[in-house]
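A short worksheet on the structure shown next.
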Amino acid sequence: MNIIHAIILAIVEGLTEFLPISSTGHMILTSTFMGIHKDAFTKLFEIAIQLGAILSVVVLYWKKFFDFKKWHFYLKLIIAVIPALVFGKLFSDKIDALLESPTTVAVSLLVGGIVLLFIDNIFKKGTIREEKDISFQQGFIIGCWQCLAMIPGVSRSAASIIGGMQQNLSRNVAAEFSFFLAVPTMAAATGYKLLKTYQESPEILHNKENLMLLAIGNIVAFIVAALAIKFFIHFLQKNGFRLFGWYRIALGIIVLVLLQMGIIQ
């Protein structure tokens, strides 16, 4: 991987992390097209730069994250992230295997796109319009929905937002809670991946060039993600999920065709 690869992947991560189109799926497809997906450092990079993206949530919603009087907010996030921590630990090897497969990404994009076409009609009007009204039980159930995103291409954002709407949250509140939930979820995933890499392949993290690429990637992902979050909330208020559904379907079909033709493997 070189600096151009790093910047491109970071832009893709920042653009897609909080949109319901799967950041992991897009990075897998992007790194596959660039011919660097099999590289061990690339696999670490794709996880580690999510830290930069989630830090944009903390900055944009800093009043929420640093209001230590509202302990229930932090407890909700802890409860909601538990399913991902448990499933991530139990199925770590299987998840890593799925990350090797553009076919899995393509099928997940396609199926998820079909779901998004109808999701606005299925959950028309949520009555919960503020985060403080989300119960601990609802937070836990949303966290269970988030686990679907361990399948590459599903989208953590889409799974948790749909889970929120299923729990009677309005679209905007479901999206914001999905952003909040990304912070402990992605922080844990990044920490676990860095620890695992240090234990199994310490030379990757001892390489100064790799550390520089990680730093650049996180900075770029942070900036792009902050812009994407502002766009998504505004777009969601006016248009809902339908356009994202069509985009996922189109991309999924294109990738399946390219796989069938042998252009990507």
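Restricting attention to the stretch 212-265, and to residues there that are among the aromatic types (Phe, Trp, Tyr), in contact (Cβ under 8 Å) with a residue 24 or more places away in the chain and outside any loop (DSSP other than H, G, I, E, B), which single residue is farthest from residue 125 (Cα to Cα)?
So the first thing to find is which residues in the stretch 212-265 are among the aromatic types (Phe, Trp, Tyr), and the list is 222, 231-232, 235, 241, 244, 246-247.
From what is left, the residues that are in contact (Cβ under 8 Å) with a residue 24 or more places away in the chain are 222, 232, 241, 244, 246-247.
Still in the running and outside any loop (DSSP other than H, G, I, E, B): 222, 232, 244, 246-247.
On the way: 222: 32, 232: 19, 244: 19, 246: 22, 247: 24 Å.
Among them, the one singled out is 222.
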*Regarding residue 17, is this residue under 19 Å from residue 211 (Cα atoms), touching a helix residue (DSSP H, G or I) at 6+ places or on another chain (Cβ under 6 Å) and acidic (Asp, Glu)?*
no
*When you scan the stretch 37-89 for helices (runs of 4 or more DSSP H) that lie fully inside it, which ones turn up with 1 or more residues that are under 24 Å from residue 136 (Cα atoms) and of a type in the set (A, V, I, L, M, F, W, C)?*
50-60, 62-65
_Give me the residue from the stretch 136-169 that is surrounded by fewer than 19 Cβ atoms within 10 Å (Cβ to Cβ) and free of Cβ contacts under 8 Å to residues at least 60 places away in the same chain and, out of that set, nearest to residue 42 (Cα to Cα)._
148
_Between 238, 208, which is under 24 Å from residue 46 (Cβ atoms), modelled with pLDDT under 95 and of a type in the set (Lys, Arg)?_
208
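In the stretch 211-220, is there at least one residue being surrounded by 18 or more Cβ atoms within 10 Å (Cβ to Cβ), more than 16 Å from residue 54 (Cβ to Cβ) and under 18 Å from the mean Cα position of the chain (by Cα)? Spell out the reasoning first.
From the stretch 211-220, those surrounded by 18 or more Cβ atoms within 10 Å (Cβ to Cβ) are 213-214, 217-218, 220; that's our starting set.
Now narrow it down to the ones that are more than 16 Å from residue 54 (Cβ to Cβ): 213.
This time we only want the ones that are under 18 Å from the mean Cα position of the chain (by Cα), so: none.
Checking the stretch 211-220: not a single residue is surrounded by 18 or more Cβ atoms within 10 Å (Cβ to Cβ), more than 16 Å from residue 54 (Cβ to Cβ) and under 18 Å from the mean Cα position of the chain (by Cα).
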*Hey, among 190, 185, which residue is part of a helix (DSSP H, G or I), within 19 Å of residue 9 (Cβ to Cβ) and in contact (Cβ under 8 Å) with a residue 40 or more places away in the chain?*
190
*Identify, please: which residue in the stretch 170-185 is over 20 Å from residue 236 (Cα atoms) and surrounded by fewer than 24 Cβ atoms within 10 Å (Cβ to Cβ) and is, among those, nearest to the chain's Cα centre (by Cα)?*
183
*Identity of the residue in the stretch 38-64, farther than 16 Å from residue 220 by Cβ and charged (D, E, K, R), that ends up modelled with the lowest pLDDT*: 38
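Scan the stretch 94-102 and tell me whether some residue there is touching a strand residue (DSSP E or B) at 6+ places or on another chain (Cβ under 9 Å) and closer than 20 Å to residue 252 by Cβ.
Residues of the stretch 94-102 touching a strand residue (DSSP E or B) at 6+ places or on another chain (Cβ under 9 Å): none.
Looking for residues that are touching a strand residue (DSSP E or B) at 6+ places or on another chain (Cβ under 9 Å) and closer than 20 Å to residue 252 by Cβ, one finds none in the stretch 94-102, hence no.
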*Given the conditions (1) out of contact with any Ser or Thr (no Cβ under 7 Å at 6 or more places or on another chain); (2) under 30 Å from residue 5 (Cβ atoms), and given that residue 135 satisfies all but one, which numbered condition is not satisfied?*
(2)
*Residue by residue through the stretch 13-31, note down the ones that are surrounded by fewer than 21 Cβ atoms within 10 Å (Cβ to Cβ) and within 22 Å of residue 197 (Cβ to Cβ).*
30
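The values are calculated or read from the model by the stated rules, or taken from the named source; none is laboratory data. The structure presented is a predicted model; accordingly, all values stated were derived computationally and were not measured. With ideal geometry, Cβ positions are generated from the backbone for all residues, glycine too; neighbour counts draw on all protein chains shown.
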